[in-house]
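Below is one structure, written out as structure tokens, with a few remarks after it.
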Amino acid sequence: MLEGQTVADQVITGTDLSRLRELNSLTVVRALRDQPPATVTELAKLTGLSRPAVDVIAQGLVTGGWATIVEPGASSVVGRPARRYRFRATAGHVIGVDVGGHKILALLADLDGNVIQTARRSVDADAGPTERLRALDQVLAEVLHEGDKTADDIWAVSVGVTGPVDASGKTTLFTPLPGWQTVDLGAHLSDRFTCPIVVENDCKLAALAERWQGVASDANDIVFLLAGMRNGAGLIIDGVLRRGYGGAAGEIGALRAVRWLTAPEHLQRCPGVPATVNPDDAAAWVFNAARDGNRDARTAVHRYVKDLAIGTAALVLALDPQVVVFGGGFSRSADLVLEPLRRELAKLCLRMPDVRASTLGADSVALGALRLALNEVDRRLFTAGLSAPVAPRRD
């Protein structure tokens, strides 16, 4: 500042004014993202900007493709009803993918998280990386084609995989997917998409889904149990998904003393399971038999729950969550597991969390991937500005 010059005397450059306008526009966009359709007056109150400024910004957002006008309907109010503005969720789209042991599921959604297309393909549990990646490519091609979109319409892709995911998006520590430690999924998908690509652990994504659309939407401290032939956990503490330094947070099953690694064997080795039943289907047979009163099956379920409770209790004692969500493939048998699990935890924990069964089923990981993709869009949008990740496209 020159001698004798006041702040008010300083000249604001064109760059400063342009950035100020964009920041104000971003403020209105953020308000629209979090609200139902709103009037200019309502947006002014939400943002702290003047009504005339919001009026100009809102019209500019419509012109730029970031907002739409909701025409007023019939009203008994005298005079013309105020027009309302809504964030244009179809400005872009995201994809969430679950690359599992037995299936690949892709969900295509708009920027409000509304799923508009689904594609699913079965894959052999013993499939190598080449075969699994080929199936992934086919699923992505299908979901784009059936959703009438191209790769250029996608603003972010998030993929859930089994095993701890490090900062590079690889599962170098452990994964039951054959040969998957060698796969660079981000590099593979970058041949198709130019948008951000995020790879994350399936348990963590399922935890995100539960807080977003599941039974834990009222909680900020959550332990999610991915229960199936493999047991894992996803952790949300203070509303934040916890990854850990190397992406291995929640992998308590690696500690053999908690018996998560061997817990499913109680179901697989239950006496009476017919030889014709596939080992992957043995647990379902045991749960059904337990419902019918089969003593061996009930014993197997009881032993499974006792082992599951040990690792769960360790997480509860360490984190003191509000909610424990029982999810994964075995959540379909929550009617047999939930009450015994609560009883076992009550014996082991200082304070009992609320134990709930997931209602998201087999879509939980892909839904969590969608949520993570939307988070990435918002992060880039509100950090880099309205030019990121791409300009809105007209429908």
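Quick check on the range 173-256: take the gyration tensor over C-alpha atoms, sort the square-rooted eigenvalues as a ≥ b ≥ c, and tell me if it's rounded (a/c under 1.5), prolate or oblate. Here the range 173-256 falls in the oblate category. When the inverse distances between all different Cα atoms of the range 99-252 are averaged and flipped, the Kirkwood radius reads 16.2 angstrom.
Using alpha carbons only, how many degrees (0 to 90, rounded to 10) separate the axis of helix 295-319 from the longest principal axis of the chain? Taking Cα atoms only, the helix is inclined about 40 degrees. The angle between the Cα long axis of helix 129-146 and the main principal axis of the chain comes to about 50°, on a 0 to 90 degree scale. With respect to the chain, whose longest principal axis is taken over its alpha-carbon atoms, helix 282-291 is tilted by about 80°. Counting Cα-Cα pairs of the range 22-113 in 10 Å increments starting at 0 gives whole-percent bin shares of 16, 40, 23, 12, 7, 2, 0. Dividing the radius of gyration of the alpha carbons in the range 224-296 by their Kirkwood radius gives 1.12 for Rg/Rh. What's the center-to-center distance, using Cα atoms, between the range 83-143 and the range 25-50 in Å? Rounded to whole Å, the Cα centres lie 31 Å apart.
In this structure Glu42 has an accessible area near 70 Å², from a 1.4 Å probe over the protein heavy atoms. With no solvent and one equal point scatterer placed on each C-alpha of the chain, evaluate the Debye formula and give log10 I(q)/I(0) for q = 0.06, 0.08, 0.13 Å⁻¹, two decimals. Each listed q corresponds, in turn, to -0.31, -0.52, -1.08.
Label positions at Asp218 and Arg303, each projected 7 Å from the Cα along the C-beta direction, are separated by 3.8 nm. Beta-bridge orientation, the range 147-301: approximately 60 percent antiparallel, per DSSP, counting only bridges with both partners inside.
Amide H contacts of Ala233 (H built 1.01 Å from N, in plane; Pro and chain starts excluded): Leu226, Ile252 sit under 5 Å, all sequence-distant by 5 or more or on other chains. The antiparallel fraction among DSSP beta bridges confined to the chain stands at about 55%.
With helices as the sole contributors, the chain gives -12500 deg cm²/dmol at 222 nm; each DSSP H run of n ≥ 4 counts as -39500 (n - 2.57), and the sum is divided by every residue. Where in the range 164-199 does the amide nitrogen come within less than 17 Å of the point 7 Å from the Cα of Ala362, taken along Cα to Cβ? Correct set: none at all.
Kindly identify the range 300-356 as rounded, prolate or oblate by the Cα gyration tensor criterion: order the square roots of the eigenvalues as a ≥ b ≥ c, call it rounded if a/c is under 1.5, otherwise compare a/b with b/c, prolate if a/b is larger, else oblate. Note, shape of the range 300-356 comes out prolate.
The spacing between the range 241-273 and the range 339-362, judged by their C-alpha centroids, is 16 Å. Each Cα pair under 8 Å and six or more residues apart adds its sequence gap; the mean of these over the residue count of the chain is a relative contact order of 16 percent.
Note on the range 244-332: Cα Rg divided by 2.2 N^0.38 Å, N the number of residues, gives 1.22. Considering the range 256-395 at the alpha-carbon level, its Rg and Dmax are found to be 20.3, 63 Å.
The values are calculated or read from the model by the stated rules, or taken from the named source; none is laboratory data. Predicted model, so just to flag it, every value in this text is computed and none were measured. Every residue, glycine among them, receives a Cβ derived from its backbone with ideal geometry; neighbour counts consider all protein chains shown. Protein only, heavy atoms only, side chains kept; ligands, DNA and RNA dropped before computing areas. Shrake-Rupley method; radii C 1.70, N 1.55, O 1.52, S 1.80 Å.
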